[in-house]
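Each remark here refers to the structure printed beneath this line.
The values are calculated or read from the model by the stated rules, or taken from the named source; none is laboratory data. Since this is a predicted model, take the numbers as computed values, not measurements. Every residue, glycine among them, receives a Cβ derived from its backbone with ideal geometry; neighbour counts consider all protein chains shown. Keep in mind that these areas ignore ligands, DNA and RNA; they rest on the heavy atoms of the full protein, side chains included. Shrake-Rupley method; radii C 1.70, N 1.55, O 1.52, S 1.80 Å.
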Amino acid sequence: NRLFSSQLYHLDQPEVQLVTLFLNVDANDADAGPLTLLPASVSNNVRRKTRYEAVYFCGDGRLSDDAVFAHCSASNIVGLGGIAGSGGFVDNSNCLHYGSRCKSGERKMLAVRFMLPHKARSPRTPLFDLFPEPVDEVRRLILSGADFSGV
């Protein structure tokens, strides 16, 4: 089987500082393709040695297992498989990771992403086009990364 896309080691928006809470909805064993990552310290070493920023910004942002394990050990891997309700927070902007290497069954995970509102990418997400600019201060602060000038 050829690995592709999120099945290869990558970072999610390293320029944004994105943290995600991953929770297993159902039991998730190795065959169901759990989220798998390298700690930030190991990832930083791999990033330097593979010139990852060039791979990310000038390529597709993916690294093969061979490229990664030329600079670290498989013993560094952390898997987020486990029983329903297990999981953890992942700094997926700094921890190289992959998922969905399913051999059987399916992986069901709840992912809740956290980022600083001013780090949200432009142009706006199409979701913001569905709603008018918030008029109350609480909603305005929550959506402070959104640009409502064109609405």
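Express in nm, to one decimal, how much length is gained between Ser6 and Ala54 on full extension, taking 0.36 nm for each residue of separation and deducting their alpha carbon distance.
Numbers: separation 48, 0.36 × 48 = 17.28 nm, distance 1.81 nm.
Contour length minus the Cα-Cα distance gives 15.5 nm.
Which loop-located trypsin sites (Lys or Arg not before Pro) does the stretch 22-56 contain, where loop means any DSSP state but H, G, I, E or B and the Cβ has at most 16 other Cβ atoms within 10 Å?
On the way: sites: Arg47, Arg48, Lys49, Arg51; in loops: Arg51.
Listed in order of number, the matching sites are Arg51.
What distance in nm lies between label points placed 7 Å from Cα along the C-beta direction at Asn45 and Lys119?
2.4
Run the 1.4 Å probe and let me know the accessible area of Met109, rounded to the nearest 10 Å².
Probe radius 1.4 Å; accessible area of Met109 about 40 Å².
Less than 15 Å Cβ to Cβ from Arg62, Lys/Arg counted +1 and Asp/Glu -1: what total charge do the surrounding residues give?
-1
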